[in-house]
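The values are calculated or read from the model by the stated rules, or taken from the named source; none is laboratory data. Here the structure is a predicted model, which is why all the values come from computation and not from measurement. Reconstructed Cβ throughout: ideal geometry from the backbone, glycine too, with neighbour counts over all protein chains shown.
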Amino acid sequence: MSKTFRAYDMNQQLLLPPDLRQWLRDDHLGLYVSDVVEALDLSAIMNKYEEGDSRGRPPYHPALMVKLLVYGYCTGRMSSRKLEQATYDDVAFRVLACDQHPDHDSIADFRKRHLAELGQLFVQVLQLCQRAGLVKLGHVAVDGTKIKANAAKRESLRYGNLAAAEQALEAEVMRLLQEAQQIDDEEDRRYGAGRRGDELPTELRRRETRLAKIRELKAQLEREAQQAAAQEQQPKAADEPKNYRRRQWTKNESGAVVPKDKTQRNLTDPDSRLMMDTNTRNYEQAYNTQIAVDAEAQIIVAARVVQAPNDQEQLVPTLSEVKHNLGCLPATVSADGAYFSSAVITAAALREVDLYVPPNEPEPSCVPGSEPASSVRAQMWQKLKSKPGRKIYNRRKTIVEPVFAQIKHVRSFRQFMLRGLSQVEGEWLLICLTHNLLKLFRAPKPLLLT
């Protein structure tokens, strides 16, 4: 007796157009991303398209592209090529794209063109989290981590070596030009004139490009040294934090301000800096990413990218970003000892905030002849040693550190794909936006977006 099976025929044609949403469960993340994007204000992106421009094929709808990017960053697929392939292979991406298949160049161009506007969507998603009750601003923890740049460490050069490299490359370019001219002259004698004068060997083009980059980096370093020297001459406000970075400029024999010989820049991404990874204790070409996280549901309420490897000057601007995003400062803020300085703790901008930041020096009572008990450091130590103070500060690592773990280890974001500070800032905001969106999606009481 033969077994009866359900009908299965790969050649069967669909009689009616399918409802794409039925391809996914009602509680699927892809449908939630679609609903959230539909609720966001995309006018800043829309306004970049010229009305009445009928040249070429019409572009893909911005809502489609935003959904693909946001869902891709949520699920760890950030490469434009992987996103293009997913529109064929992954049902959720196929639903979000309405069975269209933007090529990777279109996806990459859209992200590059609208990266600033995509970063601005971070605030809109943050406000949705606040409406859902996931942000209270009772206790906010601040921390930073180093994220690798899209640049190799071996491409970093010191200012002291730039002049020698420039001279060597210049001599090499001249040698190759002479060789190219000799070849052209020989071929003209042999075959007659007929070659274009702008044809250059591949090696010559490569060396000319590298020489131009070296000259550009050298000029940039010299401008930065002159700006730093001029800034140090200006008087500072009483509550302005000191510049704790080592002076990166000096004066040459003629008295002109120049960078120190050890000052480095990277040829691939000049905006990145050489920073030490505190986990591996190795130096990497990286950026210093900063976040402020609300204790209620680990929502990121401020996100920044800086080039300084030190966190000591980042507390005030990061909390100012919280106020800019949500309209007010948190009641309580905790941060590790890397953020402490007397000027920061007493800054007028943070006067209303209850700060818990351990000094980066031993407790005064443990050091003979130390500063008086009325000092800022001594008062902070006393505050942290109290039972309420210990309880509040001990929460810091359970608030902010798991967020970095989720981003770097769970979602495998350990290196930026884009280059340049402005591009990296936009990409970091996109990462933090999707972190908050995932928290919003998994909240016990999801926000109704209708």
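So here's what we get for this one:
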read-out: Given (1) at pLDDT 95 or above; (2) surrounded by fewer than 21 Cβ atoms within 10 Å (Cβ to Cβ); (3) under 22 Å from SER272 (Cα atoms), index of the condition LEU429 fails; value: (2)
read-out: Residue that is surrounded by the most Cβ atoms within 10 Å (Cβ to Cβ) [pool: residues in the stretch 278-337 that are assigned to a helix (DSSP H, G or I) and free of Cβ contacts under 8 Å to residues at least 60 places away in the same chain]; value: GLU321
read-out: Failed item, numbered, when LEU437 is tested on (1) modelled with pLDDT under 95; (2) under 30 Å from SER79 (Cβ atoms); value: (1)
read-out: Candidate set from the stretch 413-426 (those that are touching a helix residue (DSSP H, G or I) at 6+ places or on another chain (Cβ under 6 Å), surrounded by fewer than 24 Cβ atoms within 10 Å (Cβ to Cβ) and of a type in the set (A, V, I, L, M, F, W, C)); member that is farthest from LEU115 (Cα to Cα); value: PHE413
read-out: The listed residue being among the acidic types (Asp, Glu), outside the structural domain of ASP277 (by TED's automatic domain parsing) and modelled with pLDDT of 90 or more, out of ASP198, ASP188, ASP90; value: ASP90
